[in-house]
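Data block below; observations after.
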Amino acid sequence: MLADFNASVLRLVTLPNLLLVWALQHSPNSFSPAAPSLSPDNTSDTLQHGSGDLAVTPALLSAFQASLARTGIPLTLVSGPWHPQLLPALLPLHAAQSLLVLAAETIYSPASLAAFAATLLALLRSVARGKALVAAKRVYFGVGGGVDEFKKVVSAGGGVVFEVENSGVEGCDRGLPAVKGGAAGGVGRALCEVQMC
């Protein structure tokens, strides 16, 4: 299941990207050749792997759907706000199964942070082995969300958040260096692992 607040994001970004990644692996001949001028030396990985436009034909869409069916991958797209009773009810979860939740940019305000944390904890409580990886900015200036507040809310709900070590990864360090003129280097990012206690 893939979820986003906005149906248009799922329709215009998520699904096309899934199709694109699948086509790169399973149907590389569906791409028109890239213009040689995109790479001066003609040796870039994008040219070698068939860059250019993807010809989205009925045959390609049928092959994509058949591949999903053959591999047993159900593709469900859900739009709307986080809700601890609704989203878990949409998933056919049972107590003995494992669950991995991947999320990004879901804790950007106190209201969304609380709703996301409650939904996430409800999902993790419903399975034997559950884990979530949440990518986020350390602080969302002007709106009040961020990693520290997320940790507090999850902890209060019976979960635990560990920050995945990412020192040395550009943009993820806690103390971003000042740029020329003394201004801060930007907002740091974090990757958080969430589990039930």
Report task. Return the distance in nm (one decimal) between the two label points of a simple spin-label model at Glu163 and Leu61, each offset 7 Å from Cα along Cα→Cβ. Result -> 4.5
Query - Gain in span if fully extended, Leu90 to Phe5, counting 0.36 nm per residue against the direct Cα distance - result: 29.1 nm
Query raised in the report: What number comes out for the charge environment of Asp4, summing +1 per Lys or Arg and -1 per Asp or Glu over other residues with Cβ under 12 Å away?
Result: 0
Query - Between the stretch 111-136 and the stretch 57-81, the alpha-carbon center distance in angstrom - result: 25
Query raised in the report: Measuring from a point 7 Å past the Cα of Ala128 along Cα-to-C-beta, which residues in the stretch 80-98 have an amide N at less than 16 Å?
Result: 93-98
**Report entry** For Phe116, Phe162, order by how many other beta-carbon atoms lie within 10 Å, fewest first
**Finding:** Phe162, Phe116
Query raised in the report: Where Lys and Arg each count +1 and Asp and Glu each count -1, what net charge lies around Glu149 among other residues with Cβ under 15 Å from its Cβ?
Result: +1
Query - Residues whose placed amide H lies under 5 Å from that of Val164, excluding near-sequence neighbours - result: Leu191, Cys192, Glu193
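A short reminder: the numbers here are calculations on the coordinates, not readings from a lab. All values reported here derive from a predicted model rather than from experimental measurement. Every residue, glycine as well, gets a Cβ built from its backbone with ideal geometry; the counts of neighbours run over all protein chains shown.
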